[in-house]
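Single-structure report; data block below.
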Amino acid sequence: MSQPIDGVLIFEDLQRITGYARRSDVERILIDQGVRLFRGRLGPWTTINLINQAGGLWPATAERYEAEIL
């Protein structure tokens, strides 16, 4: 078993937080609330920062890259 990554909420965390057990229910409620999530092999996951952003605690910022990365 691997160590949890700081700030990442895995499927089991999201089940506990939302109160839903089924993967589809957890995904639906997060999407309905504007939380960006990722679908992994073991279930959906997100980060605390993405939840805070959906809650309006931080403005959405677009990352800007220089032309050199192309």
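The values are calculated or read from the model by the stated rules, or taken from the named source; none is laboratory data. These figures come from a predicted structure and were not determined experimentally. Ideal geometry is used to build each Cβ from the backbone, glycine not excepted, and the neighbour counts take in all protein chains shown.
The table that follows gives values for the structure above.
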{"quantity": "Glu27 vs. criteria at pLDDT 90 or above and out of contact with any Asp or Glu (no Cβ under 9 Å at 6 or more places or on another chain)", "calculated": "yes"}
{"quantity": "Residue count, segment 19-33 (criterion: part of a helix (DSSP H, G or I) and more than 16 Å from Thr47 (Cα to Cα))", "calculated": "5"}
{"quantity": "Those residues of segment 34-53 which are farther than 19 Å from Asp6 by Cα and either small (Gly, Ala, Ser) or not in a loop (DSSP other than H, G, I, E, B) (or both), in sequence order", "calculated": "Gly34"}
{"quantity": "Whichever residue in segment 1-45 is loosely packed, with under 11 Cβ neighbours inside 10 Å and aliphatic (A, V, I, L, M) and, among such residues, is farthest from Gly56 (Cα to Cα)", "calculated": "Met1"}
{"quantity": "Pair list, Cβ < 9 Å and 6+ apart or interchain, from segment 24-37 residues that are within 18 Å of Val8 (Cα to Cα) to residues that are charged (D, E, K, R)", "calculated": "Glu27/Arg39; Leu30/Arg36; Leu37/Glu27"}
{"quantity": "Set Gly7, Gly40: member being in contact with a strand residue (DSSP E or B) (Cβ under 7 Å, 6 or more places away or on another chain) and at pLDDT below 95", "calculated": "Gly7"}
